[in-house]
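One structure below.
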Amino acid sequence: MVNNAATVGRSGVHDFILLRASAVILALYTIFLAGFFVVTPEVTYDVWRDFFSCMSVKVFTLLAILALVAHAWIGVWQVLSDYIKPALFRGLLQFIFSITLLGYLAAGFIIVWGV
């Protein structure tokens, strides 16, 4: 069996399952939000605030944010490993995308929980 330094601890099957699971979560969240807009006659700030004050909506939103970050990270890793051959440049881009995704994750937590 060949060990590749780029795939240590990773599995194609693991990435495949994680991508599909995160896509399902994101699809369900999209349907959930679309349903909210369909059944709510007028969306005002107060209605939106009350909707997001519900604990289950907060948890589902955070789950969707985590799914989005996981989905984006695997996608970025696959694209960069396929198309960017110089290891130093690929590593730099992966670092930049990692910091950006962590920033999005932190911002999502702060926005949802109002910390």
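Note: relative contact order over the chain, using C-alpha pairs below 8 Å and six or more positions apart, is 31 percent.
Computing log10 I(q)/I(0) by the Debye sum over Cα atoms at q = 0.11, 0.16 Å⁻¹ directly from the structure and comparing it against (i) -0.37, -0.74; (ii) -0.50, -0.87; (iii) -0.40, -0.82 singles out (ii). The P(r) of the range 26-69 has a tail past 14 Å containing 52 percent of all C-alpha pairs. Summarising the label geometry, the points placed 7 Å from Cα in the beta-carbon direction at Ile110 and Phe32 lie 2.3 nm from one another. When the chain is treated as a GNM with alpha-carbon contacts under 10 Å, the residue of Leu62, Leu80, Leu92 showing the greatest mean-square fluctuation is Leu92.
Any read-out appearing in this document is the output of simple, stated calculations on the displayed coordinates, not a laboratory observation. Keep in mind that this is a model prediction, so the values were computed, not measured. Cβ sites come from the backbone with ideal geometry, for glycine too, and all protein chains shown count toward neighbours.
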